[in-house]
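Please read the structure below before turning to the comments.
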Amino acid sequence: MKEKWDKRYSAEEYNYGKEPNSFLKEELPKLSPGKILFIGEGEGRNAVFAAALGWQVDAMDFSEEAKRKAKKLAEEFDVKINYQLGDFSTYTPQENFYDAAGIFFIHQDEELKTKLFQRVINSLKPTGKIIFECFEKEQINFQSGGPQNTELMYSLEEVKKEFSTLEFKKLSKEKVFLMEGKGHYGEAVVIRFVGVKP
């Protein structure tokens with residue numbers, strides 16, 4: 001897995017572009033800047049966007065090439081991000097620490113993602129928010145990104161289950177047009193979720 005993503009990120013071109021995720025771009029400015037965590041952050045586009053808005057940013061991924069490009073992007077935009085290398089199966093952020101967390105297009109097996117998401121929930125302070133976007137199972141019919149395996153995609157019910165301890169502010173299945181570099185481009189079916197820790 002690590003080798004696959006290192007290879008994908010090794011090109012100088014940004015696989016998912018330099019612009020932030022459009023759902024994050026819509027939701028994050030609604031919040032007052034504080035501490036934010038991004039997991040599976042890849043080439044840094046979301047972390048850099050948040051830092052430019054005044055957030056104190058921690059990010060993690062398991063790809064050294066992703067970290068290299070994220071640091072380069074942060075320098076380009078003259079912002080600071082704290083980017084750690086880690087493994088989804090063992091990564092445990094500090095509890096009761098973050099004001100928000102961003103989770104975008106993390107498609108892992110059910111056991112791993114459930115444990116990872118619970119650790120992210122634990123890392124939030126009370127009233128902390130999660131901003132989440134993933135591919136819905138119907139994405140299998142589109143060529144705009146995502147795993148070619150519906151078992152690794154999500155249904156609305158699965159998202160409800162993963163984040164059942166949060167107060168739901170938004171949960172929707174949407175057909176959108178992604179323009180996130182060559183990695184995510186074209187019509188897609190996604191789930192968008194915002195939840196608040198009680």
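The values are calculated or read from the model by the stated rules, or taken from the named source; none is laboratory data. These figures come from a predicted structure and were not determined experimentally. We place every Cβ from the backbone using ideal geometry, glycine too, and count neighbours over all the protein chains shown.
Conditions (1) surrounded by 15 or more Cβ atoms within 10 Å (Cβ to Cβ); (2) not in a strand (DSSP E or B), marked per residue:
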| site | (1), (2) |
| --- | --- |
| 26 | no, yes |
| 36 | yes, no |
| 46 | yes, yes |
| 57 | yes, no |
| 60 | yes, no |
| 67 | yes, yes |
| 70 | yes, yes |
| 73 | yes, yes |
Report summary line: Apart from one, (1) surrounded by 22 or more Cβ atoms within 10 Å (Cβ to Cβ); (2) in contact with a strand residue (DSSP E or B) (Cβ under 9 Å, 6 or more places away or on another chain); (3) closer than 22 Å to residue 146 by Cβ all hold for residue 50; the odd one out is (3)
**Report entry** Unmet requirement for residue 91, which otherwise passes all of (1) within 22 Å of residue 180 (Cα to Cα); (2) touching a residue at least 24 places away in the same chain (Cβ under 8 Å)
**Finding:** (1)
Report task. Would you please list the contacts, defined by Cβ atoms under 6 Å and residues six or more apart or on different chains, that run from a residue in the stretch 1-23 that is of a type outside the set (Phe, Trp, Tyr) to a residue that is modelled with pLDDT under 90 and surrounded by 15 or more Cβ atoms within 10 Å (Cβ to Cβ)? Result -> 15/8
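Scan the stretch 24-40 residue by residue and report those that are within 15 Å of the chain's Cα centre (by Cα) and touching a residue at least 40 places away in the same chain (Cβ under 8 Å).
24, 27, 28, 36, 37, 38, 39, 40, listed by residue number.
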Report task. For the stretch 88-126, name all the residues that are surrounded by 15 or more Cβ atoms within 10 Å (Cβ to Cβ) and β-branched (Val, Ile, Thr). Result -> 103, 106, 120, 121
Query - Residue list for the stretch 64-90, filter: among the aromatic types (Phe, Trp, Tyr), closer than 23 Å to residue 132 by Cβ and at pLDDT 95 or above - result: 83
Report summary line: When every residue in the stretch 179-191 that is surrounded by 21 or more Cβ atoms within 10 Å (Cβ to Cβ) and among the aliphatic types (A, V, I, L, M) is compared, the one farthest from residue 115 (Cα to Cα) is 188
Report task. Search the stretch 138-153 for residues being in contact (Cβ under 8 Å) with a residue 40 or more places away in the chain and touching a helix residue (DSSP H, G or I) at 6+ places or on another chain (Cβ under 7 Å), and hand back the single one that is surrounded by the most Cβ atoms within 10 Å (Cβ to Cβ). Result -> 146
Query raised in the report: Which one of the conditions (1) surrounded by fewer than 22 Cβ atoms within 10 Å (Cβ to Cβ); (2) of a type outside the set (A, V, I, L, M); (3) more than 25 Å from residue 94 (Cα to Cα) does residue 169 fail to meet, given that it meets all the rest?
Result: (3)
